[in-house]
Amino acid sequence: MLRAFLLYLSNAVWARNIVTHWRIARRMACRFVAGDTFEDALKAIYKLNEKGFYTTLDNLGENVISSEEALKATDAYIEIFQRLHDEGVKSSCSVKLSQLGLELDYDLCLSNMRCIATHAAEFGTLVRIDMEDSSTVDRTIQIYHTLRAEDITNIGLAIQSYLRRSEEDVLSLLEDGTRIRLCKGAYNEPPEVAFPQKRDVDASYDRITAHMIDGSQAHGSEPASVDGKIPPIAAIGTHDSKRIGFAREYAKSVGLPKEALEFQMLYGIRSDLQEALQAEGYPVRVYVPFGTEWYPYFMRRLAERPANLWFFITALVRG
Ligand code: FDA
């Protein structure tokens, strides 16, 4: 109930207009967002790279309302690849198709994504397409397939274990060695589309993890590139130690080398777990968001964990 309400607020313009003016909200968002500017993100990436982590950079923004905004976001990513290359950091990028105009014009979005991926390819960088709400999944997968058919291979997809369709999607995507980041899913979905119970989401997560690990074996356990710009086929995006435990055990049982199983977590969440996995020899990638469009991302993080909300409310009341 609370989760659904917070996710509703994440899309409500009136709520955004109020919350983004609260200084305390901005301060709390800093826990999850590296800062407003690319330079802020770069500082965070340097620190993470120094500790041995890879990163994936997200230039925050979603659901743009004009083609100009979509083109601006595309140009921003193109500049980012150059800057990441110039700085010599170990980072890939993540992008949301609604930021590139998916809800405005499919062809515009496809063309923007093509442009981003081809520029990223010049620097040997993977671009991971984040998965948004369920209404976007077919179009997202279609754009991915269209670009793959054009021999653009430096792209990957995020898949959500809460969707009933995802296991089938993953089996089909693995046939061509798609680099998948598995996450649980962060949007508000009806029960016909997504498992309402956490135990079913978790069970689906483990089943899909097993498919991804088997798929990695079938494709020769491709490791992450040494410069951290291309992750392996199987990326486990969660902070849930049980899911992580399952992935490690299953990979071990089938003999998948550690470097072919990447763990991914969000900036500011479970750094202890990030460090432990890295110390064990697994590649660990931190998702680093930056930018002024932090509101929906921040609200999704609140929705995931009621304790965050109580912390927020207490801070708000205290002033
Ligand atoms: P779960 O919610 O069960 O949490 C497990 C534990 O992690 C909690 O007990 C707590 O300790 C910690 N934790 C989780 N969330 C926290 C929070 N917000 N604050 C503090 N602690 C928290 N979703 C999506 O729909 N599309 C996408 O493309 C992506 N991309 C993505 C990339 C990466 C690298 C990650 C890690 C996650 C995503 N997500 C996503 C978000 C994902 O779907 C999910 O909402 C969150 O990861 C929270 O779920 P967990 O898997 O962590 O499990």
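The values are calculated or read from the model by the stated rules, or taken from the named source; none is laboratory data. All values derive from a computational prediction rather than experimental measurement. So basically every Cβ, Gly included, is an ideal-geometry build from the backbone, and we count neighbours across all protein chains shown. To get the accessible areas, we keep the full protein, side chains included, count just its heavy atoms, and leave off ligands, DNA and RNA. Shrake-Rupley method; radii C 1.70, N 1.55, O 1.52, S 1.80 Å.
Below are the figures for this structure:
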quantity: Under the span-like rule (Cα at least 15 Å along the axis, Kyte-Doolittle mean at least -0.5), DSSP H helices of the chain; calculated: 38-50, 106-122, 137-149, 306-318
quantity: Average accessible area per residue (Å²) across the range 55-291 - probe 1.4 Å, nucleic acids and ligands excluded; calculated: 38 Å²
quantity: Over 23 Å between alpha carbons, listed pairs K51/K258; K47/K198; K198/K242; K51/K96; K96/K184; K96/K242; calculated: K47/K198; K51/K96; K96/K242
quantity: Per principal axis, descending, Cα span of the range 1-143 in whole Å; calculated: 42, 37, 26
quantity: Sulfur and carbon atoms: percent of accessible area, the range 55-291 [1.4 Å]; calculated: 50 percent
quantity: Surrounding net charge for N308, when Lys and Arg each add one and Asp and Glu each subtract one, Cβ distance under 10 Å; calculated: +2
quantity: Rule-of-thumb Rg ratio for the chain [Cα; 2.2 N^0.38 Å; N residues]; calculated: 0.94
quantity: Contact order relative to length of the range 40-191, as percent, for alpha carbon pairs under 8 angstrom and 6 or more apart; calculated: 19 percent
quantity: Pairwise label distance in nanometres, E280 with V317, each label 7 Å out on the Cα-Cβ vector; calculated: 3.9 nm
quantity: Extension gain from Q142 to Y106, taking 0.36 nm per residue of separation minus the Cα-Cα distance; calculated: 11.9 nm
quantity: DSSP-loop GluC sites (Glu not before Pro) across the range 214-319, with at most 13 other Cβ within 10 angstrom; calculated: E280
quantity: Taking the range 55-291 and dividing mean pair separation by its residue count, relative contact order in percent (alpha carbons under 8 Å, at least six apart); calculated: 19 percent
quantity: Loop chymotrypsin sites (Phe, Trp or Tyr not before Pro), the range 165-250, which have at most 10 other Cβ atoms in a 10 Å radius of their Cβ (DSSP); calculated: none
quantity: Contour minus Cα-Cα distance for A203 and K242 (0.36 nm per residue); calculated: 13.0 nm
quantity: Segment K43-E79, length gained on full extension (0.36 nm per residue, minus Cα span); calculated: 11.3 nm
quantity: Other-chain or far-sequence residues with amide H under 5 Å of L57's (modelled H); calculated: S92, C93, S94, V288
quantity: Per-residue HN-Hα couplings for the range 228-240 [Karplus 6.51, -1.76, 1.60; θ = phi - 60°; Hz; x = Gly/Pro]; calculated: x, 8, 10, x, x, 4, 9, 10, 9, x, 7, 10, 8
quantity: Residue with peak Gaussian network fluctuation, the chain [Cα springs, cutoff 10 Å], from E132, E122, E62; calculated: E122
